[in-house]
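Participant: Submitted below is the structure of interest, expressed as structure tokens.
The values are calculated or read from the model by the stated rules, or taken from the named source; none is laboratory data. Keep in mind it's a predicted model, so treat the numbers as computed, not measured. When we count neighbours, we look across all protein chains shown, and the Cβ atoms used for this are built from the backbone with ideal geometry, even at glycine. All accessible areas refer to the heavy atoms of the entire protein, side chains included, with ligands and DNA or RNA removed. Shrake-Rupley method; radii C 1.70, N 1.55, O 1.52, S 1.80 Å.
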Amino acid sequence: MTATDQAVAQAPAAGRPAVRANASARARRAKRLSRAGLNAVALMLTVVFLFPVYWMFSTSFKSNSQVLVKDPVFFFTPTFEHYTTATGVDLFWTYVRNSLVVTLAAVFLALLVALAASYAIARLNFRGRRGMVLVVMMAQMAPWEILIIVMYLNARDAQALNSLVTLTVIYFVMALPFTIWTLRGFIAAVPKELEEAALIDGCSRTQAFLRIIFPLLAPGLMATSLFGFIMAWNEYAMVLVLNKAPDMATLPLWLTQFQTNFGNDWGATMAASSLFTVPVLIVFVILQRRVTGGLSAGAVKG
């Protein structure tokens, strides 16, 4: 029994409508206050998480005299000198090309292999299926940094150091477990009857997959491609160890080059960080309608 019902039961019969109305008003007021409190907490958390991003972008437009000051400067005349410094680094466009090539190739390979693997896990019954799922989950949970030394030794012995191909393969393997797990949920959520109907109509299993299942996987493909893109774009440790040649480096190493004899050039560092963030923001804005549904559906279905 709710508080409103208890108040009505304890009141005289003649006054029960008024008591019920007052209790309902109090319940609505409490609900509004609770919602307002939750909105205030959400707004506060949003400010806390977005302020570092705002400070990074704003600092990139400040002059050197405004960056290292005791009192923060919120109003200033923008300058692009730090962006000129950041993009004027030797081999800057080589870093950009390397990052794009490695990231896009790793994402494409991960999606290609994960489509086949996730379909097999979700649709086919074969010996070792549960073991394969367990291996995928363990690979997703394991920190890849523990394998850096092993990867370096293997790449050295195979004479594959300072190679974009080696970096692409490593990023592809790192993105694969999450991609398989997410796409598996989407494929399992597609009714089997649709695929069976296509098979009855004369389609092969491959044709049924391409014509029936694949068009329904757009949210999952968007979510997993965004995850793979962010992972490969931001990865620093592997490229630092495996690709020390300047012409084989990627943008994360470019971010470490703004040091002088007097310390860090924070203005150029913030400008470089802002430029480094822009591609991820663009990809997220393009895919954001599909990302939330893709991550939630792929995580719980199947």
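Participant: Could you tell me which helices of the chain pass both thresholds, a Cα extent of 15 Å or more along their own axis and a mean Kyte-Doolittle hydropathy of at least 0.5, with helices taken as whole DSSP H runs?
Facilitator: Counting only whole DSSP H runs, the qualifying helices are 92-123, 129-141, 164-189, 218-234, 266-300.
Participant: How large is Rg over Rh for the range 90-246, taking Rg from the Cα atoms and Rh as the Kirkwood inverse mean of 1/r across Cα pairs?
Facilitator: We get a ratio of 1.06 for the range 90-246.
Participant: Add +1 for every Lys or Arg and -1 for every Asp or Glu among the other residues with Cβ under 11 Å from the Cβ of residue 164, and state the total.
Facilitator: 0
Participant: Still on this model: At 1.4 Å probe size, with the rest of the protein present, what percent of the exposed accessible area of the chain is carbon and sulfur atoms?
Facilitator: Ligands and nucleic acids excluded, carbon and sulfur reach 67 percent.
Participant: Still on this structure, please answer the following. Calculated from DSSP H runs of 4 or more alone, at -39500 (n - 2.57) each and per residue, what is the 222 nm mean residue ellipticity of the chain, nearest 500?
Facilitator: Working: 14 runs with 220 residues, N = 302.
Mean residue ellipticity at 222 nm (helix-derived): -24000 deg cm²/dmol.
Participant: Could you work out the longest stretch of the chain that avoids the chymotrypsin sites (Phe, Trp or Tyr not before Pro) located in DSSP loops with at most 16 other Cβ atoms within 10 Å?
Facilitator: That gives 127-235 as the longest site-free run.
Participant: Within the range 58-152, list the trypsin sites (Lys or Arg not before Pro) lying in a DSSP loop whose Cβ has at most 12 other Cβ atoms in a 10 Å radius.
Facilitator: In loop regions of the range 58-152 (DSSP not H, G, I, E or B), the sparsely surrounded trypsin sites (Lys or Arg not before Pro) are 70, 127.
Participant: Right, something else. Tell me whether the range 14-164 comes out rounded, prolate or oblate; compute the Cα gyration tensor, take square roots of the eigenvalues as a ≥ b ≥ c, and use a/c under 1.5 as the rounded threshold.
Facilitator: Since a/c reaches 1.5 but b/c is at least a/b, the shape of the range 14-164 is classed as oblate.
Participant: Turning to a different aspect of this structure: Of the peptides 187-194, 201-208, how do they stack up when ordered by the mean number of other Cβ atoms within 10 Å, highest first?
Facilitator: Packing proxy ranking, top to bottom: 187-194, 201-208.
Participant: Using the heavy atoms of the protein chains alone and a 1.4 angstrom probe, what is the accessible area of the range 90-256 per residue in square angstrom?
Facilitator: On a per-residue basis, the range 90-256 sits at 52 Å².
Participant: Ok, one more. Using a 1.4 Å probe and ignoring any ligands, DNA or RNA, find the accessible area of residue 173 and quote it in Å² to the nearest 10.
Facilitator: Estimated to the nearest 10 Å², residue 173 gives 60 Å².
Participant: Related question: What net charge do the residues around residue 199 carry, taking every other residue with its C-beta under 12 Å from that of residue 199, with Lys and Arg at +1 and Asp and Glu at -1?
Facilitator: 0
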